[in-house]
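To start, the structure itself, in structure tokens.
The values are calculated or read from the model by the stated rules, or taken from the named source; none is laboratory data. Bear in mind that the values here come from a model prediction, so they are computed numbers and not experimental data. Heads up, the Cβs are rebuilt from the backbone with ideal geometry, glycines too, and the neighbour counts pull from every protein chain shown.
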Amino acid sequence: MLADFQQAMADLTASPALCLRVRHDPRALDERYKLTMRERDRLLGIVRHPGMACACTVYRANRLAPLAMYVPRTCRALGPLLREVVESFWAAFAETDVHMFIETDRFCRFLRARIDEGHEYPPEVEEALAVESVAVAEVLRESYTEHKLP
């Protein structure tokens, strides 16, 4: 119950689509979570509050920040395709990692897999990804090496 409430709150903050679904059909909460009536009513109040859109935006901005910082050429090369790719990535990896390089490395691997599966992107995407993903992987490897316990 409390754990389900907390999970629902996290899921709603991470997914504007889920917020819209719950606004349209509150039974969506019952399908996914075991909630008390009080918890359910609170979540319904939260998703209906105008500030929830801001919470979703802040969450998404925090997930986008590492990508913009560490794979900027790839993001620019994706151009208008970036939104769809990022949203697909977030759907596949709903749980984020606060380690920015882990999150960025996951994104690079996700995009590489899409390319390998035949998704078509401008050639600049693959070129930028090839360079930036290696740099991200190297920094990630170094961060683990530096923090090894004796």
Seminar exercise, completed: Checked segment 56-74 for anything modelled with pLDDT of 95 or more and either aromatic (F, W, Y) or more than 21 Å from S15 (Cα to Cα) (or both); matches are M69, Y70, V71, P72, R73, T74
Seminar exercise, completed: Restricting segment 111-126 to residues that are free of Cβ contacts under 8 Å to residues at least 24 places away in the same chain and under 15 Å from L82 (Cα atoms), the one farthest from the chain's Cα centre (by Cα) turns out to be P123
Exercise. What helices (runs of 4 or more DSSP H) completely inside segment 37-130 contain at least 1 residues that are in contact with a Cys (Cβ under 8 Å, 6 or more places away or on another chain)?
Worked result: 37-48, 51-70, 72-78, 82-92
Exercise. Are there any pairs with C-beta distances below 7 angstrom linking a residue in segment 127-150 that is under 15 Å from I102 (Cα atoms) and modelled with pLDDT of 75 or more to a residue that is charged (D, E, K, R) and part of a helix (DSSP H, G or I), with the two at least 6 apart or on different chains, and if so which?
Worked result: E132/R73; S133/R112; V136/D105; A137/D105; L140/D105
Exercise. Can you name every residue in segment 104-134 that is within 30 Å of Q7 (Cβ to Cβ) and crowded, with 20+ Cβ neighbours inside 10 Å?
Worked result: T104, D105, F107, C108, L111
For this session: Check whether at least one residue in segment 81-92 is touching a Leu at 6+ places or on another chain (Cβ under 7 Å) and over 21 Å from S15 (Cβ atoms), and report yes or no.
Result: no
Problem set entry | Checklist (1) outside the structural domain of E117 (by TED's automatic domain parsing); (2) surrounded by 14 or more Cβ atoms within 10 Å (Cβ to Cβ); (3) free of Cβ contacts under 8 Å to residues at least 60 places away in the same chain applied to D11, failing item | (3)
